[in-house]
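> Below are the structure tokens for one structure; questions will follow.
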Amino acid sequence: MRIKGLQLLSDDLEGTASFYFGVLGLAILHQSDEELQLAAGETVLSFHRSQGQKPQYHFAFNIPCNKIEEALAWMQGKAPILEMEPGQAIADFSNWNAKAFYFADNNENVVEFIARNDLQNASSAPFDASSLLSVSEVGIVSDDVAGQCAQLMEQYGIGYFPKQPPSSRFAVLGDDQGLFIVVPHSREWYPTKVLSTKHWLRVDFEAAGRGAILELYSRP
């Protein structure tokens, strides 16, 4: 599964532009009073203005599999790093054959850089904004995790991620290129105390050989 577009809400669109363009260095594709579009590798990452919603999301970017330590060094000082415990910023997901770290953006979204060894996408280039290959994970909040997963699998022809057994409080659909992380309302987003909440989002993706659109919840 490949995530080609991710659209989210932001109560602070100007701050979002300052963070993703000014701090991370993503190229702006379009900017208006109501919308910001950025290039994140093969994904168009968009934010739409909201008011008083305080939307918070979890999403992840794939980076080259050999760049996790370099990426962490590059991010330090740019944004608050969300550590597992003091002095431990990098999570080793051995069952996923991947390593990741997390940080907060201007909206307190829980953002992740993840290096997946099974993609075999090592790079010799210095780490910078061009090292963000795509959005590879999108958190989906549901009142019925199993039911939501069943609907997504039937509608889009995707299956459970084989590296992660599903449970009633955490289920993963897709593959290393793109994943839906399905959790219940008010579950803590790892590694933080930020509680999952339902907010409008739209994902444009390719799965099972075809393009698809997933849009959840009402847009304010």
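The values are calculated or read from the model by the stated rules, or taken from the named source; none is laboratory data. Small disclaimer: the values here were computed from a predicted structure and weren't measured. As a convention, Cβ positions derive from the backbone with ideal geometry for all residues, glycine included, and neighbour counts pool all protein chains shown. For the accessible areas, the whole protein counts, side chains as well, though only heavy atoms, and no ligand, DNA or RNA atoms are used. Shrake-Rupley method; radii C 1.70, N 1.55, O 1.52, S 1.80 Å.
> Would you mind stating whether residue 21 is open to solvent by 10 Å² or more (accessible area, probe 1.4 Å) and either aromatic (Phe, Trp, Tyr) or outside any strand (DSSP E or B) (or both)?
yes
> List pairs: first residue in segment 19-39 and in contact (Cβ under 8 Å) with a residue 24 or more places away in the chain, second residue part of a strand (DSSP E or B) and exposed (fewer than 12 other Cβ atoms within 10 Å of the Cβ) anywhere in the structure, Cβ distance under 9 angstrom, at least six positions apart or on different chains.
As it stands, the answer is 36/30, since those pairs meet every condition given.
Residues are listed down the side, and each one gets a yes or a no for (1) assigned to a strand (DSSP E or B); (2) in contact with an Asp or Glu (Cβ under 8 Å, 6 or more places away or on another chain); (3) of a type outside the set (Val, Ile, Thr):
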residue: 123; (1), (2), (3): no, no, yes
residue: 139; (1), (2), (3): yes, no, yes
residue: 151; (1), (2), (3): no, no, yes
residue: 154; (1), (2), (3): no, no, yes
residue: 181; (1), (2), (3): yes, yes, no
residue: 211; (1), (2), (3): yes, yes, yes
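Yes/no per residue for (1) β-branched (Val, Ile, Thr); (2) more than 25 Å from residue 71 (Cβ to Cβ); (3) open to solvent by 30 Å² or more (accessible area, probe 1.4 Å); (4) in a strand (DSSP E or B):
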{"residue": "15", "(1), (2), (3), (4)": "no, no, no, no"}
{"residue": "25", "(1), (2), (3), (4)": "no, no, yes, no"}
{"residue": "28", "(1), (2), (3), (4)": "yes, no, yes, yes"}
{"residue": "33", "(1), (2), (3), (4)": "no, yes, yes, no"}
{"residue": "54", "(1), (2), (3), (4)": "no, yes, yes, no"}
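> Name the residue, out of 125, 115, that is at negative phi, of a type outside the set (Asp, Glu) and surrounded by 22 or more Cβ atoms within 10 Å (Cβ to Cβ).
115
> Please enumerate the residues belonging to segment 185-209 that are part of a strand (DSSP E or B) and within 24 Å of residue 48 (Cα to Cα).
Correct list: 195, 201, 202, 203, 204, 205, 206.
> Here's something else I'd like to know. Looking only at segment 131-174, filter to residues that are touching a residue at least 60 places away in the same chain (Cβ under 8 Å) and not aliphatic (A, V, I, L, M); which one of those is nearest to residue 55 (Cα to Cα)?
Out of the qualifying residues, it is 139.
> Next up: Starting from segment 69-91, take each residue that is part of a loop (DSSP other than H, G, I, E, B) and at pLDDT 95 or above and list its partners that are open to solvent by 50 Å² or more (accessible area, probe 1.4 Å) and among the basic types (Lys, Arg), counting only C-beta distances under 6 angstrom and pairs at least six apart or across chains.
Going by the 6 Å Cβ cut-off, the qualifying pairs are 90/99.
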